[in-house]
1. Pick out, from Ala131, Met155, Leu309, the residue whose Cα sits farthest towards the positive end of the charge dipole of the chain, with +1 on the Cβ of Lys and Arg and -1 on the Cβ of Asp and Glu.
2. For region 20-88, taking Cα atoms only, what is the radius of gyration to one decimal and the Dmax to the nearest whole Å?
3. With viscosity set to 1.567 mPa s at 4 °C, what whole-number translational diffusion coefficient in µm²/s follows for region 122-274 from Stokes-Einstein and a Kirkwood radius over Cα pairs?
4. If I compute solvent accessible area with a 1.4 Å probe over the protein chains, what percent of it on region 37-89 is carbon and sulfur?
5. Can you pull the percent of region 208-332's accessible area that's carbon plus sulfur, 1.4 Å probe, other chains left in place?
6. If I build a Gaussian network model for the chain, linking alpha-carbon pairs within less than 10 angstrom, which residue out of Arg188, Arg210, Arg40 has the largest mean-square fluctuation?
7. Antiparallel versus total DSSP beta bridges in the chain: what percent is that, nearest 5?
8. Between Ala250 and Asp148, how many nm apart are label points set 7 Å from Cα along the C-beta direction?
Amino acid sequence: MVVARAGNACHDLGPMSTPLTVLDTLGRPMRDLRVSVTDRCNFRCTYCMPKEVFGPDHAFLPRAEILAFEEIERVVRASVALGVRKVRLTGGEPLVRRNLEALVAMLAAIDGIEDLTLTTNASLLATKAQALADAGLQRVTVSLDALDDETFMRMNDVGFGVSRVLDGIAAAGEAGLGPVKINTVVRRGLNEHAVLDLAERFRGTDTTVRFIEYMDVGHSNGWRMDDVMPAADVIAAIDARWPLEPIESAYRGEVAQRWRYLDGGGEVGVITSVTQPFCGDCTRARLSADGQLFTCLFATSGHDVRALLRSGVTDDGLADALRAIWTGRSDRYSELRTLETVDLPKVEMSFIGG
Ligand SMILES: C[S@@+](CC[C@H](N)C(=O)[O-])C[C@H]1O[C@@H](n2cnc3c(N)ncnc32)[C@H](O)[C@@H]1O
Ligand code: SF4
């Protein structure tokens, strides 16, 4: 087991340092845990759950295979004891899981979590924002790929209009779940124009838009490098209209590169996982809805934590198992990505939550 004392051997932990930190084989601490609460979604974004693969006959996880809230809470609690400080609920679409606010309340009661957040397509956010905030959720990130209905509907592929997403963003702000972050996947030839639309719409507000390079997650989205709009092109396009300057990242492991408008209009971000991989700073673990722990978004398999939970493991035994998984971690897929690895089997994004 590799451990280090913050401020000593492992000194670059930013504001979230703990006295004792579990490190992986590349010296990376476990800081963030993304919890997928369901593999289901009411959208069929073409880059994530294309209809040809996730059609009416697709077999989603049966209920018994999905972790109960109590099981999720145990894993989160054990992870926090090992150094996790940020917990993000995701999916699939997390708001389609019934009574999610009950899970939020259970997690909000765990000492040591500094950031409890949710990533959502916001289709149901307008009605749920207040209950989530009351339960202890701190912030939300909303995925929104265009501001015009035609493009947005082509991307979500279920005919869902933009206005209800914007209502959800407004409701989140009113409920105290701001500042809201917006995630926009940019796919060449599909929604490139949304870059300037979204930048313009949210300039001068406290909402930050982060443009994500379309990634080769899973094996169902037919990814090709030609479909990726490199983050450098996104920044160049915005900079040509509203000049930008880069800002330092706020903490180790921050995935978005941040840029500020020179005229004081706020900031935008880019997530460059394809053109400039950031594995060296990756402090993230992911728990799938059926209780597998993944130590890389591009992993081919996870560690079966559900089996442990259901075998009656003690809290100490659970923490030991998680520590062993993290200290054995050596993943750096994005840095090793080559034409050959693109075709290897990988887990779907909707399964482990992006
Ligand atoms: C899998 S979704 C789950 C949460 C929620 N349903 C949502 O859309 O926000 C999490 C994030 O992954 C992003 N995503 C999905 N597939 C992607 C891909 N192929 N490349 C880049 N980002 C992707 C989505 O845009 C979203 O922001
Ligand atoms: S990106 Fe989110 S909203 Fe879109 S299909 Fe995937 S899980 Fe659903």
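1. So the residue furthest toward the plus end is Leu309.
2. So, for region 20-88, Rg and Dmax equal 16.3, 48 Å respectively.
3. Numbers: Rh = 16.2 Å.
D = 80 µm²/s.
4. 55
5. The C+S portion of the solvent-accessible surface of region 208-332 is 48 percent.
6. Arg188
7. For the chain, the DSSP antiparallel bridge percentage is about 35.
8. Roughly 3.3 nm, to one decimal.
The values are calculated or read from the model by the stated rules, or taken from the named source; none is laboratory data. Computed from a prediction, not measured in an experiment: that's the story for all the values here. No Cβ is skipped: glycine too gets one built from the backbone with ideal geometry, and neighbour counts run over all protein chains shown. We work out accessible area using only protein heavy atoms, side chains counted, and drop any ligands, DNA or RNA first. Shrake-Rupley method; radii C 1.70, N 1.55, O 1.52, S 1.80 Å.
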